[in-house]
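Worksheet: the structure to be examined is printed underneath.
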Amino acid sequence: SASTDRIEQRIAALHKKLHLAADQEPLWNDVAQVMRDNGKKMSNSVSERSAKLKTMNAVDDLRSYEMITDEHADGLKRLVPAFAALYAKMTPDQQKNADHVFGEQQRRVSRRG
């Protein structure tokens with residue numbers, strides 16, 4: 001599906017930018033799997049919301065949006081420990097690079113905002 005392709009592209013792009021060593025790959029695989037799982041859950045939630053939009057009243061709409069934002073927060077709660085474990089095994093230069101990569105991503109998001 002298109003959302004699966006987008007997630008895989010995001011995983012591949014992030015992997016390339018992080019310049020990981022071979023012994024860090026198992027930790028990276030944990031991060032990538034959480035990203036896949038989160039993407040699948042979010043895609044399902046958004047599809048479910050879209051399917052029901054025409055029949056929702058305003059309160060239903062808000063509740064549905066609340067469920068999606070909760071899913072996003074839950075996804076971050078799953079991702080942070082996996083990434084923190086990887087980050088802890090990075091060299092100082094890799095950590096500095098990761099800080100830059102994530103900072104760049106945040107700047108792009110805030111410009112879109």
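Condition first: over 17 Å from the mean Cα position of the chain (by Cα) and either part of a loop (DSSP other than H, G, I, E, B) or free of Cβ contacts under 8 Å to residues at least 24 places away in the same chain (or both). Can you find one or more residues in the range 30-39 that meet it? For the range 30-39, residues over 17 Å from the mean Cα position of the chain (by Cα) and either part of a loop (DSSP other than H, G, I, E, B) or free of Cβ contacts under 8 Å to residues at least 24 places away in the same chain (or both): absent. One residue stands out among those in the range 40-68 that are at pLDDT 90 or above and among the basic types (K, R): the one that is farthest from the chain's Cα centre (by Cα), which is R63.
Going residue by residue through the range 48-56, is there one that turns out to be open to solvent by 50 Å² or more (accessible area, probe 1.4 Å), polar (S, T, N, Q) and part of a helix (DSSP H, G or I)? So far as the range 48-56 goes, yes, one or more of its residues are open to solvent by 50 Å² or more (accessible area, probe 1.4 Å), polar (S, T, N, Q) and part of a helix (DSSP H, G or I). Taking the condition out of contact with any His (no Cβ under 6 Å at 6 or more places or on another chain), exposed (fewer than 13 other Cβ atoms within 10 Å of the Cβ) and of a type in the set (G, A, S), does A73 pass? Here the answer is yes, as A73 does meet what is asked.
How many of the residues in the range 86-101 are in a helix (DSSP H, G or I) and either surrounded by fewer than 13 Cβ atoms within 10 Å (Cβ to Cβ) or of a type in the set (D, E, K, R) (or both)? Qualifying residue count for the region: 6.
Condition check: touching a Ser or Thr at 6+ places or on another chain (Cβ under 8 Å) and assigned to a helix (DSSP H, G or I). Does I11 satisfy that? No; evaluated as a whole, the condition is false for this residue. In the range 9-25, the residues that are within 13 Å of A98 (Cα to Cα) and in contact (Cβ under 8 Å) with a residue 60 or more places away in the chain form Cβ pairs under 9 Å with partners that are open to solvent by 60 Å² or more (accessible area, probe 1.4 Å) and acidic (D, E), at six or more places apart or across chains, as follows: K17/E104; H19/D93. Inclusion of E71 among residues that are in contact with a Lys or Arg (Cβ under 8 Å, 6 or more places away or on another chain), of a type in the set (D, E) and part of a helix (DSSP H, G or I) is warranted.
The values are calculated or read from the model by the stated rules, or taken from the named source; none is laboratory data. These numbers were taken from a predicted model, which means no experiment stands behind them. Backbone-built Cβ (ideal geometry, glycine too); neighbour counts: all protein chains shown. SASA here: full protein model, heavy atoms, side chains in, ligands and nucleic acids out. Shrake-Rupley method; radii C 1.70, N 1.55, O 1.52, S 1.80 Å.
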